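Asks: Mind having a look at this structure? Questions to follow.
Quick note: the coordinates plus some simple rules give every number you see, no bench work behind them. Worth saying up front: this structure is predicted, and the values here are computed from it rather than measured. Neighbour counts are summed over all protein chains in view; Cβ atoms, including those assigned to glycine, are modelled from backbone coordinates with ideal geometry.
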Amino acid sequence: MAQEYKLILKHADEPGYTPDIECYLRHGGYDSLRKALTVPVVELSDGKKKSAQEQIREDVMKSGLRGRGGAGFSCGLKWSFVDRRSGKPIYLICNADESEPGTFKDRQIIHKDPHQLIEGMIISCFANDVKLAYIYIRGEMPKGAKILNQALKEARAKNLLGKNILGTGYDLEIHVHRGAGAYICGEETGLIESLEGKRPYPRIKPPYFPAVLGLYMCPTIVNNVETLCNVKHIVGMGGAEFAKLGTPNNTGTRIVSLSGQVKRPGYYEIEVGKATLGQLIHDPEFGGGLLDGRKLKAVIPGGSSSKVLKAGEKFKLKRKVDGKDVEERPIFLIFLMISIRFSKRAP
Amino acid sequence: MSFSIPAGLEAEIDELITHYPVRRSASLMLLHAIQEHFGWVSPEAVQWTAAKLGLEPINVHELLTFYPMFRQAAPGRHQIKVCRTLSCALGGSHALHRHVCERLGLDAGAHGLQTTKDGKFSVEFVECLAGCGSAPVMMCGDDFHEGVSGKKADEILGGCK
Amino acid sequence: MSAATKTDNNPAPTAIEMIKVKVDGRELEVPRLSPDWQGKLAPTTMIQVCEAAKQDVPHYCYHPKLPVAGNCRMCLVEFGTPALGPDRKPLLNADGTARIAKSPRPAIACATPVSPGMEIYTSTPGVKQMREGVLESLLINHPLDCPICDQAGECKLQEYSVDYGQSGSRFVEAKVHKPKSVDLGPRIMLDAERCILCTRCIRFTKDIAGDDKLGIVNRGSYNTISTFPGTAFDNNYTLNTVDICPVGALTSKDFRFQMRVWFLKDTKSICTSCGTGCNVHIGSREEKIYRYTPRENEAVNGHWMCDEGRLNYKWIQRTDRLRDVLVHGCKSSWGEALREIAHKLKQAPPGSVAIIGSARQTNEELWLLSRLKSRFGAISDSFPRDGQPDKLLVSADKNPNSNGARLTGISFTEAGINLAKIADGIQGGVIKTLLVFGENVVKRAVSPAALSEKETTTEAIEVHGITADVLAKLETLIVSDILPNETTRLAHYLLPGCAHAEKRGSFTSTKGRVQKFMQAVEPAGDARPEWDFLQDLVCNVTGKEGFHSIEGLFNEMAKSVPAFNGLTWAGLGETGVSVKI
Ligand SMILES: Cc1cc2nc3c(=O)[nH]c(=O)nc-3n(C[C@H](O)[C@H](O)[C@H](O)COP(=O)(O)O)c2cc1C
Ligand code: SF4
Ligand code: SF4
Ligand code: FES
Ligand code: FES
């Protein structure tokens, strides 16, 4: 039977868990950062050295982590595209614009466990030689911005952020940048334009691939909130261990946002691919079934930009017709929005 | 009308500018800071911001008119945002919006931000607020409210001074 | 290929790798890198390749001299690239040709670089359908007011609608209405409903004119081009946005509602308002000039011209133009007047003649004057006209042909240095005959009084000694000009001349570009092109038959003026030739 698997949301909803740094530290917070900062340089057989940064990036690649922002692109691969030879600074931006209709997972992390995100960010920045990073948070989350600013302040006070982090000589600053109400600011190049103080019109690719010509025309990494949180866990447990979660091609956990006419809407963290749409809708663990008197009409599995699946529809997955109907489709999808339109109550 | 920015706000703004290697990047944050202080962003404030950042006023005006959160005229003291996107719509947000508007004597069918005559409340429909799991949701000022029934809405409005 | 020749506007090409690509099945070799909008080398784009292949790709936002925006999607094309096997080696078809993997998604030709072996398809049913789709969506909120739109006849929306438009509209909703007749600046009107938001105007004013005054305000289908409220779009290059606006959204206040563009005759000419020599088209109908528009010339003005130069044409049609040949104030004929002048000149003792030419005259006219000058051992000069230069095109020299005056020997390194000598010569009674061409010497001797329309307002006026009192001492004052002024009123012989738009000729720009211009309209009244009657005069004086065509005259001049050696009228082409100055 499919069930929840809590990795990111392990503590967030525990009674008494608070977003302050002391609480986070009590739950093992920033241990992964300490670990990352002290990864010893490895001497290779050919005499070359492999830095801590390279090792973390390799581990993230090994973990098979895919982006949680929508496109599901390999995080390790994305980092590998970063132009590290340009001599220009490398920027990292946490995409906390969460405006895809039907998604409400990043809000939970930011409000309940901001330090997890910040730890993931610091590690990711360290691994990519980033000295300046931003959290682009949607304007409609003023509280979230305040919580993040408070958390950043706490982290700075504990020397987890700022100059010479934990005495390692590594400097990093993270700032919160607020949007002001625009879905398109979630698209990474639109986000970058917005952060540059321009109207957030997405850039054309080519030539403006963020990994090469991103923020201020410098190499830039844009990652989703949940993606960055996962980095913390990858460093914590090791990429190979992380890869055991989920399915081989799609690892780790996913926070599924379930909304619409189900008995128990909400967010559920599951191992990727370990639950079908049907289970999410009907299992008492998850949606608990449709509201009384409703009939399933359609499911929107990945936000407004994804295909609307009609009830009973047979669908193709990677060109292989698997003949299962919508409710049996395994969940590989990124953020999951299930809206169940109802037909009028049966007469 | 001469426009002036109080010293405290200017200090805050100067600090915000240091967050960015390129001054223009601070535009949005400056507009937020100014709006938080004055309630809205006047043409004079746009000019002031542009001068502060070494930009042309049109560069800032472009942003002001793009982002729906910025106000070009003073809104009500309490701003109600009701989500109208799919999950909330399924969860009854249109009825909620109508309820709020009727209670405040506003036209629920009118387009855009509606402000009560006494300038106390403004109500608008907005897009998904990332709270779909507890539809319908609304914001009152900076506060986010989930699963808002008519009764709960009345309490929220009643709590606004 | 012949050895590359090095010229000033084409720096010696460094070896650029050539790659093979196909456009609609036709193979061609193109450089991997091509000049971008600033002339810097950048990866060659599909649209550049298609242009080289003479395969038209419809586009709105793309302009070769503006940064690429890629926002209109009109240029979508389909393409394929060589398929690679698992070993990264190209896969081959049975016949040994490279197998092409067709991209499942189209690409915008204006921004997508080409790669070796790429095949671009511009005429497939899919491409046609995309063009139809883009056009349909651009027309959703468009007012379709072509009958009263100034752009009609040169509008890209109209042109592409002919190719890809639909006769019916599927749009049943209410159209979004936006501001119309918006006064954007002193010279520009905006109809926001016609605007397709290609941002060409924004990019032009920001990146070319360096005046970041335009932007898009509001959002979505309410997006509108605007200045900051209460401010004017008023730099000296604003009218170029009217030219590059692909639709009728931006119109020139000067030209709007004046004439349907398809009635305009187009004449290749040169702007005469400064020494830059921007190439222009003169649009005229039935002897009336309606507008100047810039004519592309990479070596001079690119695609642009300044507003001041563009609008400086109305003086040509002033009603008080000089139309009659006057001898001592009485109407005369060309034959009579020229005969008398020739007679007087022939009797003039050496050193008693002075010539004041104008650096607004053509090379040919100045050369003819210089022949008179050497025949009579005359002292000569022309007037400098100094103004404010800018960073883009406008030159500090407000004369269109200062170099021509200098190269033909009418003026010297510094124009105007002989004027005081001429004044002294007249005062002292040595100089008894003065020829003045196209300059109001009296006004220039006085003070910067109100300037005639013909004068550009920024020019400075120098003070010298040739006052009306001085002119009164002359035995013979021969004046040729276009508009009446204090000097023409004092003339003993007044010869009505022509504006450049009424004749042919050539100028030498500040940078040494020799460029010719053509005749757009007929001269006023009895006026004749100066070169034409100067030719007669030279003939009368020297007894040698001259040329009766501008071609012959130019070629003769080119032989005798060292800087012009080797030039021919035909060889100037439409965009001129650079000479050493
Ligand atoms: C229209 C549009 C909206 C998007 N909105 C969001 C968003 O709200 N949050 C987000 O994380 N990614 C969003 N994305 C995806 C981002 O472009 C980008 O892929 C993502 O931030 C990369 O992070 P990841 O690799 O960690 O997933 C959006 C993409 C598009 C095309
Ligand atoms: S006004 Fe013309 S040039 Fe400017 S954006 Fe609109 S269509 Fe393009
Ligand atoms: S720059 Fe000079 S030549 Fe060019 S249009 Fe202006 S005045 Fe005429
Ligand atoms: S649909 Fe209302 S919060 Fe998402
Ligand atoms: S011309 Fe290519 S997108 Fe507009």
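Asks: Along the positive direction of the dipole of the protein assembly as shown (beta-carbon charges: Lys, Arg +1; Asp, Glu -1; about the Cα centre), which of A:122, C:46, C:141 reaches farthest?
Replies: With unit charges placed on the Cβ atoms, the residue in question is A:122.
Asks: Follow-up question, since we're still on this one. Where does each of A:199, A:156 land when they are ranked from fewest to most other beta-carbon atoms within 10 angstrom?
Replies: Ranked by crowding around the Cβ, least crowded first: A:156, A:199.
Asks: Follow-up. When the dipole is taken about the Cα centre of the range C:322-578, and only Lys, Arg (+1) and Asp, Glu (-1) are charged at their Cβ, what size is it in debye, to the nearest 20?
Replies: Its charge dipole is roughly 440 debye.
Asks: If I take every Cα pair under 8 Å that is 6 or more residues apart in the range C:18-123, average their sequence separation and divide by the length, what percent do I get for the relative contact order?
Replies: Computed value for the range C:18-123: 35 percent relative contact order.
Asks: Moving on to the next point. Can you give me the long-range amide H partners of residue C:42? Hydrogens built in the peptide plane at 1.01 Å from N, cutoff under 5 Å, separation of 5 or more residues or another chain.
Replies: C:34, C:36
Asks: So what J values fall out for the range B:101-116 if you push phi through Karplus, 6.51 cos²θ - 1.76 cosθ + 1.60 with θ = phi - 60°, rounded to Hz, Gly and Pro as x?
Replies: My calculation for the range B:101-116 gives 4, 4, 4, 9, x, 10, 7, 5, x, 6, 7, x, 5, 10, 10, 5 Hz in order.
Asks: About the Cα centre of the range C:18-123, how large is the charge dipole given +1 on each Lys and Arg Cβ and -1 on each Asp and Glu Cβ? Please answer in debye to the nearest 20.
Replies: Here the range C:18-123 has a charge dipole of around 220 debye.
Asks: Using a simple spin-label model with points 7 Å from Cα along the Cα→Cβ vector, what separation in nm is obtained for residue C:539 and residue A:166?
Replies: Distance between the two pseudo-spin positions: 9.9 nm.
Asks: For the range A:21-244, what proportion of DSSP beta bridges, expressed in % and rounded to the nearest 5, is antiparallel?
Replies: Once the DSSP bridges in the range A:21-244 are tallied, antiparallel ones form about 20 percent.
Asks: So, one more: Test of understanding: extend the Cα→C-beta vector of residue B:146 to 7 Å, then name every residue of the range A:1-23 with backbone N under 12 Å from that spot.
Replies: The answer is A:13.
Asks: Okay, moving on. Could you work out, residue by residue across B:26-36, how many beta carbons of other chains sit within 10 Å of that residue's beta carbon, and then give the average as an integer?
Replies: The mean count of partner-chain Cβ atoms within 10 Å per residue comes to 4.
Asks: Still on this structure, I have one more. Thinking of the range B:78-158 as a set of Cα atoms, what percent of all their pairs are more than 14 Å apart?
Replies: Above the 14 Å cut-off, the range B:78-158 has 54 percent of its Cα pairs.
Asks: Please work out the C-alpha center-to-center distance from the range C:536-563 to the range A:173-205 and express it in whole Å.
Replies: That distance is 68 Å.
Asks: Compute the Kirkwood hydrodynamic radius of the range C:325-427, taking the inverse of the mean of 1/r over all pairs of distinct Cα atoms, and give it in Å to one decimal.
Replies: Answer for the range C:325-427: a Kirkwood hydrodynamic radius of 15.1 Å.
Asks: Once you compute Rg and the Kirkwood Rh from C-alpha atoms, what is the Rg to Rh ratio for the range A:1-94?
Replies: Ratio value, two decimals: 1.04.
Asks: Would you mind working out the magnitude of the charge dipole of the protein assembly as shown relative to its Cα centre, with +1 at each Lys and Arg C-beta and -1 at each Asp and Glu C-beta, to the nearest 20 Debye?
Replies: 2020
Asks: Right, next: Do me a favour and compute the ellipsoid semi-axes for the protein assembly as shown from its Cα gyration tensor, root of five times each eigenvalue, largest one first, whole Å.
Replies: Rounded to whole Å, the semi-axes are 71, 32, 29.
Asks: Also: In whole Å, what are the extents of the range C:147-316 along the principal axes defined by its C-alpha atoms, from largest to smallest?
Replies: That works out to 52, 35, 28 Å along the principal axes.
Asks: Please work out the C-alpha center-to-center distance from the range C:322-398 to the range A:1-71 and express it in whole Å.
Replies: The range C:322-398 and the range A:1-71 have Cα centres separated by 87 Å.
Asks: Further question: As a footprinting exposure proxy, order A:237, B:29, C:557 by other Cβ within 10 Å, with the fewest listed first.
Replies: A:237, B:29, C:557
Asks: Where q = 0.16, 0.17 Å⁻¹, what log10 of I(q)/I(0) comes from the Debye formula for chain B, counting one point per Cα?
Replies: So the normalised log intensities are -0.92, -0.99.
Asks: Check chain B for me: any Cys whose beta-carbon has no other cysteine beta-carbon within less than 4.7 Å?
Replies: B:101, B:128, B:132, B:140, B:160
Asks: Report the normalised scattering of the range A:119-180 as log10 I(q)/I(0) at q = 0.16, 0.18, 0.19, 0.27 Å⁻¹, calculated by the Debye formula with identical scatterers on the alpha carbons.
Replies: -0.50, -0.62, -0.68, -1.13
Asks: A follow-up question, please. Apply the Karplus parameterisation 6.51 cos²θ - 1.76 cosθ + 1.60, with θ equal to phi minus 60°, to every residue of the range B:148-161 and state each ³J(HN,Hα) to the nearest whole Hz, in sequence, with x for glycine and proline.
Replies: Working through the residues one at a time gives 7, 8, x, 5, 5, 4, 4, 4, 4, 4, x, x, 7, 9 Hz.
Asks: When 1/r is averaged over all different Cα pairs and the result inverted, which Kirkwood radius in Å belongs to the range B:7-66?
Replies: 11.3
Asks: Now, a different point. Could you tell me the distance between the Cα centroids of the range C:32-98 and the range C:413-442, to the nearest Å?
Replies: What the calculation gives is 62 Å, centre to centre.
Asks: Where both partners of a DSSP beta bridge lie in the protein assembly as shown, what percent of those bridges are antiparallel, to the nearest 5?
Replies: 65
Asks: Now a separate question. Percent relative contact order of the range C:468-581, based on C-alpha pairs within less than 8 angstrom and at least six residues apart?
Replies: Result for the range C:468-581 is 21 percent.
Asks: Starting from the range C:478-581, pick out the trypsin sites (Lys or Arg not before Pro) whose DSSP state is loop and whose Cβ has at most 10 other Cβ atoms within 10 Å.
Replies: C:544, C:580
Asks: Hey, what do the phi angles of the range C:256-264 turn into as Karplus ³J(HN,Hα) couplings, whole Hz, using 6.51/-1.76/1.60 and θ = phi - 60°, x for Gly and Pro?
Replies: In residue order, the calculated couplings are 4, 6, 8, 7, 5, 5, 6, 8, 7 Hz.
Asks: Let me ask another. Can you give me the orientation-averaged projected area of the convex hull built on the Cα atoms of the range C:184-230, in nm²?
Replies: Average of the hull's projected areas for the range C:184-230 equals 3.5 nm².
Asks: May I ask you to compute the full-extension gain from residue C:287 to residue C:140, defined as 0.36 nm times their residue separation minus their alpha-carbon distance, rounded to one decimal in nm?
Replies: Taking residue C:287 through residue C:140 to full extension adds about 48.9 nm, to one decimal.
Asks: Right, something else. For labels at residue C:180 and residue A:71 in the simple 7 Å Cα→Cβ model, what's the distance in nm?
Replies: Going from the residue C:180 label point to the residue A:71 one covers 4.3 nm.
Asks: Compute the long axis of helix C:363-376 from its Cα atoms, compare it with the longest principal axis of the Cα atoms of chain C, and write down the angle in degrees, 0 to 90, nearest 10.
Replies: Tilt relative to chain C: about 20 degrees.
Asks: Let me ask you something else. Which angle between 0 and 90 degrees, to the nearest 10, do you get for helix A:225-237 versus the longest principal axis of chain A when only C-alpha atoms count?
Replies: 70
Asks: What's the angle, to the nearest 10 degrees (0 to 90), between helix A:52-63's Cα axis and the longest principal axis of chain A?
Replies: Once rounded, one gets 20 degrees.
Asks: Sticking with this structure for a sec: Dipole of chain C (Lys/Arg Cβ +1, Asp/Glu Cβ -1, origin at the Cα centre): which of C:153, C:290, C:127 lies farthest to the positive side?
Replies: Positive-end residue among those listed: C:127.
Asks: Taking the simple approach of a point 7 Å from Cα along Cα-to-Cβ for both residue C:173 and residue A:111, what is their distance in nm?
Replies: 3.2
Asks: Is the shape of the range C:322-578 best called rounded, prolate or oblate, per the rule: a/c under 1.5 gives rounded, else a/b larger than b/c gives prolate, else oblate, with a ≥ b ≥ c the square roots of the Cα gyration tensor eigenvalues?
Replies: The shape class here is rounded.
Asks: Another question, then. Mind giving me the FRET efficiency for residue C:258 and residue C:320? R0 is 25 Å, r the Cβ-Cβ distance, nearest 0.05 is fine.
Replies: E between residue C:258 and residue C:320, to the nearest 0.05, is 0.70.
Asks: Could I get the Rg over Rh figure for chain C? Both from C-alpha atoms, Rh via Kirkwood, rounded to two places.
Replies: Rg/Rh: 1.06.
Asks: Check which residues have an amide H placed less than 5 Å from residue A:251's amide H, if you skip close sequence neighbours.
Replies: Hits under the 5 Å cutoff: A:66.
Asks: OK, next. Amide H to amide H under 5 Å from residue A:180: which residues, 5+ apart in sequence or cross-chain, H placed 1.01 Å off N in plane?
Replies: A:139
Asks: Moving to a separate point now. Please report C:60, A:170, C:222 as a ranked list, fewest other C-beta atoms within 10 angstrom at the top and most at the bottom.
Replies: In increasing order of surrounding Cβ atoms, one gets C:222, A:170, C:60.
Asks: Identify the GluC sites (Glu not before Pro) of the range C:528-581 meeting these criteria: DSSP loop state and at most 16 other C-beta atoms within 10 Å of the C-beta.
Replies: C:545, C:574
Asks: Choose one of B:48, C:214, C:57: the residue whose Cα lies farthest towards the positive end of the charge dipole of the protein assembly as shown (beta-carbon charges +1 Lys, Arg; -1 Asp, Glu; about the Cα centre).
Replies: The listed residue farthest towards the positive side: C:57.
Asks: Find the relative contact order for chain C and round it to a whole percent, using C-alpha pairs within less than 8 Å whose residues are 6+ positions apart.
Replies: Value for chain C: 10 percent.
Asks: Largest first, please: the extent of the C-alpha atoms of chain A along each principal axis, to the nearest Å.
Replies: Per principal axis, max minus min of the Cα coordinates gives 72, 44, 42 Å.
Asks: Here's a follow-up. At a Förster distance of 60 Å, what's the computed FRET efficiency of residue C:102 paired with residue C:568, Cβ-Cβ distance as r, to 0.05?
Replies: Plugging the Cβ-Cβ distance into 1/(1 + (r/R0)^6) gives 0.70.
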